[in-house]
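Here's the structure we're looking at; comments come further down.
What follows draws every value from the coordinates through simple rules; no lab data is involved. Please read all numbers here as calculations on a predicted model, not as lab measurements. Methodologically, a virtual Cβ is constructed for each residue, glycine included, from the backbone with ideal geometry; neighbour enumeration extends over all protein chains shown.
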Amino acid sequence: MKISRRTFLKTAVGGVLAAGIPQLPLGYTSSQSKRLVREFRFSASPARVNLGAGPDFVAWTYNGQVPGPEIRVKEGEIIRVVLKNFLPEGTTIHWHGVPVPNAMDGVPGVTQKPVMPGETFVYEFEARPAGSYMYHSHVHYQLDQGLYGPLIIEPSHPQGNHDREYTLVLEDWVMKDGGGVADTTRRLPPMSMMGGMGRVRGGLEPGGSPLLEPVYDGYAVNGRVGPEIKPLEVKKGERVKLRIINPSSATIYDLRMAGHTLTITHADGRPIKPVKTDVLRIGMGERYDVEFVADNPGKWLLAAADTGLGEGMLRIPVHYQGVNRKEAIPPTFHQGARFATYGDFQALYPTGEAALEPVQRSYPQTLSGGMHSPYWTINGYVYPNSERLRVRKGDRVRISYWNQSMMPHPMHLHGHFFKVVNPSLPQRQWILKDTVIVNPMQRVEIEFLADNPGNWFHHCHNLYHMEAGMANVVTYES
Ligand code: C2O
Ligand code: CU
């Protein structure tokens with residue numbers, strides 16, 4: 001089955017499913033005890049896809065499409081997703097960034113048993129707070145096989161004054177059967193050969209040793225690669241909002257738009273004081289809402305470079321209505337371009353006390369690996385042999401990352417937003433995020449309020465680092 005952009009739109013908007021998989025309604029709505037329940041039916045199944053350029057191949061999909069359908073609801077509504085598993089192995093769905101109740105968090109071995117082939121599982125949780133999120137499988141390498149999609153929670157009362165909005169899902173693809181796991185020869189040596197660092201999570205995938213990061217064939221936006229990436233159509237004078245979401249397994253993007261300045265309005269869904277930037281860096285698991293004013297008619301490109309290196313890995317055309325111009329103008333990534341960093345962000349709605357609040361628990365986390373060992377570790381441990389971060393409800397918890405490796409690690413905490421410590425700002429203005437890039441040889445500190453009891457996964461959002469050990473669990477003790 002070919003998945004064209006048209007099919008994608010039909011599926012997402014009209015609830016018409018592609019042939020070859022069970023016909024189930026999408027976005028079915030019912031009212032239950034005042035709260036609106038928005039019900040979505042997801043079939044996880046292998047399906048033949050085509051990203052518009054390149055070969056057909058078999059990806060693992062929700063409802064036969066990549067990315068999965070956009071879930072778009074209003075704050076306060078109840079999201080109910082009925083997941084039926086047509087894959088040959090167990091699966092789960094994680095609602096990345098949404099502070100759901102622990103049992104709905106979708107982490108195998110931590111919050112639930114995998115949903116086995118033929119089984120159905122119902123996820124249900126309140127959509128709160130408003131923002132841009134994503135969902136994805138949390139089993140094995142399924143994220144890099146296509147099992148992810150955008151999740152948008154709109155504010156209950158309209159906010160902002162934009163005229164047009166686009167969701168941009170940035171994806172790294174191996175366009176072969178199986179997606180990112182197509183080349184299973186690229187494996188790390190078994191842990192037993194590494195000596196003394198503990199055991200790799202058992203039964204992860206056949207062979208029991210983690211895969212090496214693949215070499216990607218292409219980069220997609222909303223399931224389309226290269227010249228098939230759908231243009232952003234704009235009209236002169238419009239204010240355009242982009243929800244940029246990065247569920248890629250192993251790619252950080254530096255985005256820049258020719259002819260326009262981007263204004264960042266939300267980081268990981270949380271509102272920040274608007275920041276103008278030329279280049280926007282977005283790591284795996286991060287989301288940024290940006291706006292631009294369409295005040296420069298023409299044909300332009302919003303393009304991505306791979307963390308400052310390969311320019312033009314991904315080009316999104318920006319077309320003004322009524323402009324006839326053959327070639328779109330690309331941005332340049334020259335030195336001296338404005339480059340927003342976490343230090344430039346402050347919360348739009350400051351929270352917490354004006355004075356410094358005491359920290360009850362403090363956990364240093366040294367991130368290493370890649371050089372002396374191909375495994376990726378936190379404080380020298382490989383998951384699940386890693387230390388538990390023990391907290392008590394009501395604690396203010398600080399995590400201090402120290403990246404001793406030569407790779408950036410987008411660290412993600414489930415179930416909570418954390419504040420990114422910014423010594424140059426009062427604590428109440430620190431931004432809230434759920435994923436933070438820790439660059440090579442750098443320190444980053446975060447703090448969170450332990451307000452959501454359970455066992456919560458905490459890990460690097462490079463899928464290949466996570467599966468090679470860079471994870472642990474935050475545990476509430478009573
Ligand atoms: Cu995107 Cu453990 O998550
Ligand atoms: Cu990492």
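Its DSSP H runs of at least 4 residues, each contributing -39,500 (n - 2.57), put the calculated 222 nm mean residue ellipticity of the chain at -1000 deg cm²/dmol, to the nearest 500.
Kirkwood's formula applied to the C-alpha pairs of the stretch 217-340 gives a hydrodynamic radius of 14.7 angstrom. Inter-part distance, the stretch 400-478 to the stretch 42-101, computed on C-alpha centroids, equals 25 Å.
Ranked by Cβ crowding within 10 angstrom, fewest neighbours first, how are ILE264, ILE316 ordered?
Working: ILE264 20, ILE316 23.
Ordered from fewest to most neighbouring Cβ atoms within 10 Å, ILE264, ILE316 come out as ILE264, ILE316.
Centre-to-centre separation between the Cα atoms of the stretch 123-164 and those of the stretch 270-292: 16 Å. Let a ≥ b ≥ c be the square roots of the eigenvalues of the Cα gyration tensor of the stretch 361-477; is it rounded (a/c under 1.5), or, if not, prolate (a/b larger than b/c) or oblate? Cα axes put the stretch 361-477 in the oblate bin. Exposure proxy ranking for ILE93, ILE252, based on other Cβ atoms within 10 angstrom of each Cβ and starting from the fewest, stands as ILE252, ILE93. Near GLY469, the amide H atoms lying under 5 Å from its own belong to TRP376, TYR383; only residues 5 or more places off or on other chains count, and H is placed 1.01 Å from N. Between amide H atoms placed 1.01 Å from N, distances below 5 Å from ARG72 occur with ILE152, all of them 5 or more places distant or on a separate chain. Rounded to whole numbers, the Karplus 3J(HN,Hα) couplings from phi for the stretch 218-228 are x, 10, 10, 10, 6, x, 10, 10, x, x, 8 Hz, using 6.51 cos²θ - 1.76 cosθ + 1.60 with θ = phi - 60°, and x at Gly and Pro. Measuring nothing but alpha carbons in the stretch 88-195 and taking Rh as the Kirkwood radius, the Rg to Rh ratio lands at 1.06.
Across the stretch 244-259, rounded Karplus estimates of 3J(HN,Hα) from the backbone phi angles (6.51 cos²θ - 1.76 cosθ + 1.60, θ = phi - 60°) give 9, 10, 10, x, 3, 7, 8, 10, 9, 10, 9, 9, 8, 10, 5, x Hz, Gly and Pro being marked x. Taking the Cα-to-Cβ direction at SER424 and at VAL215 and moving 7 Å from each Cα, how far apart do the two end points lie in nm? Each label point lies 7 Å from its Cα, and together they span 4.1 nm. Tally the DSSP beta bridges in the stretch 361-477 and give the antiparallel ones as a percent, rounded to 5. Once the DSSP bridges in the stretch 361-477 are tallied, antiparallel ones form about 70 percent. Looking at the chain alone, DSSP beta bridges between its own residues are antiparallel in about 75 percent of cases.
Which whole-number percent gives the relative contact order of the stretch 361-477, counting Cα pairs below 8 Å spaced six or more residues apart? Mind dumping the intermediate values first?
Values: 286 pairs, mean separation 41.5, N = 117.
Computed value for the stretch 361-477: 35 percent relative contact order.
Phi-derived couplings, Karplus 6.51 cos²θ - 1.76 cosθ + 1.60 at θ = phi - 60°, listed residue by residue for the stretch 456-471: 10, 5, 9, 6, 6, 8, 6, 4, 6, 6, 4, 6, 9, x, 7, 7 Hz, with x used for Gly and Pro.
Taking 0.36 nm per intervening residue step and subtracting the Cα-Cα distance, what contour gain separates ARG186 from VAL82 on full extension? The partial results should precede the final answer.
Details: separation 104, 0.36 × 104 = 37.44 nm, distance 3.48 nm.
Extending this stretch completely gives an extra 34.0 nm.
If you build the Cα gyration tensor of the chain and take the root of 5 times each eigenvalue, what three semi-axes come out, in whole angstrom, biggest first? Please report the intermediate quantities before stating the final value.
On the way: eigenvalues 190, 151, 118 Å².
Taking √(5λ) for each Cα gyration eigenvalue gives 31, 27, 24 Å.
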